[in-house]
Every structure is written in C-alpha cells, then in structure tokens.
C-alpha cells in the first residue's frame, strides 16, 4: 500500500477507479463487518467447555482470570459496567460452574471472585483465541505503511466518536 495521498482526484485514470465507487464499496464493507461482529457477539460459544457462554459471560470470565480475588466493584470498573450488571453475571456464571464468589475474611459484604476449573478452561481457550486474532491482525497490518495505518486509525477513531455521539443523541 502506498503512503497517504492528499487531495486525491475524483477519478484515478491510471487504475480506472472512481472515488465515489470506492466510497460506496467501503461503506458496504464496513456495514458487513459491523453486522458480522454483532452476530458474533450474540452467538453463544463453548470456549473449550461443555457450557454455552455468551460474550458478556466470557468477558467476565476473562476479567476474573486476569484479576483473581477481585470483588464486584473492581470487576465493574474493569468491565466498564454497573455493579448490578456484574452481580447478575456472577450469579449466572456461578450457576454454570465457571466461577466462585466467596466472602472475604472479616468482611461479610465483600466477595472474592475466582475461576473454577471449568472457568479456567474457558479463560485459557479465550486467551488463545484472542492471541490468534491479534496475530492475524498484525499479519494483515504488516501490508500497510505506517502512514496508511495512521489513516485507518484516524478513520476508526472518527467512526467511534460518531457512534458514541449518535448513541448519546438518541437517548
């Protein structure tokens, strides 16, 4: 890939590409990727266990695996969700046999969250899965110049800001 080009022409005669066609194609590709990701988020998976786990559940397992003995407040901060949401998720994952919530000594209100063996299997599977995704993304990004990667970063940051603002405006 080439480096950043400023003020590209409307038509690139050398490649036969029309800028408007490229824009529309990129918009469709972005929508396809977004829809695929949403579908992935909604689909429960086994993560190396015999339990079906939703993304929110495996993300909670991942946080508990990375921060053993954490409490509800710490986990809520890490996951950027409410304490109530964490409490509900902890109850679900306890029922599924993936984590334990034991009272901390000397404090009846605070619990220490830890993975069970089943939770550890899911956590390690999830870690391997993420490492594979990271490796694949890095291989893909190696094809691009530093300038092109900076442009992609800028575009994704702008999209993130747009959707954050859109979401806030719609509430």
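The values are calculated or read from the model by the stated rules, or taken from the named source; none is laboratory data. Note that the coordinates shown come from a computational prediction; the quantities given were computed from them, not determined experimentally. Glycine also receives a Cβ, built like all others from the backbone with ideal geometry; neighbour counts cover every protein chain displayed.
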**Prompt:** Hey, residue 109 hits all of (1) farther than 25 Å from residue 23 by Cβ; (2) free of Cβ contacts under 8 Å to residues at least 24 places away in the same chain; (3) assigned to a helix (DSSP H, G or I) but one; which does it fall short on?
**Reply:** (3)
**Item:** Qualifying residue in the stretch 45-56 (condition: at pLDDT 95 or above, in contact with a strand residue (DSSP E or B) (Cβ under 7 Å, 6 or more places away or on another chain), over 13 Å from residue 122 (Cβ atoms) and assigned by TED's automatic domain parsing to the domain that holds residue 120)
**Value:** no
**Item:** Odd one out for residue 122, checked against (1) part of a helix (DSSP H, G or I); (2) surrounded by fewer than 16 Cβ atoms within 10 Å (Cβ to Cβ); (3) in contact with a strand residue (DSSP E or B) (Cβ under 9 Å, 6 or more places away or on another chain)
**Value:** (2)
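In this structure, does residue 86 turn out to be at pLDDT below 95 and in a helix (DSSP H, G or I)?
On the way: at pLDDT below 95: no; in a helix (DSSP H, G or I): yes.
When the stated conditions are applied, residue 86 does not pass them.
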**Complete:** Apart from one, (1) out of contact with any helix residue (DSSP H, G or I) (no Cβ under 8 Å at 6 or more places or on another chain); (2) more than 24 Å from residue 125 (Cβ to Cβ) all hold for residue 68; the odd one out is (2)
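Assess whether residue 131 counts as being surrounded by fewer than 14 Cβ atoms within 10 Å (Cβ to Cβ), out of contact with any helix residue (DSSP H, G or I) (no Cβ under 9 Å at 6 or more places or on another chain), farther than 18 Å from residue 54 by Cα and at pLDDT 95 or above.
Working: surrounded by fewer than 14 Cβ atoms within 10 Å (Cβ to Cβ): yes; out of contact with any helix residue (DSSP H, G or I) (no Cβ under 9 Å at 6 or more places or on another chain): yes; farther than 18 Å from residue 54 by Cα: yes; at pLDDT 95 or above: yes.
Yes, satisfied.
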**Message:** List pairs: first residue in the stretch 151-171 and on the phi < 0 side of the Ramachandran plot, second residue in a loop (DSSP other than H, G, I, E, B) and modelled with pLDDT of 95 or more anywhere in the structure, Cβ distance under 8 angstrom, at least six positions apart or on different chains.
**Reply:** 152/144
**Message:** Just the residues that are assigned to a helix (DSSP H, G or I) and either touching a strand residue (DSSP E or B) at 6+ places or on another chain (Cβ under 7 Å) or farther than 18 Å from residue 55 by Cβ (or both), please, taken from the stretch 65-77.
**Reply:** 65, 72, 73, 74, 75, 77
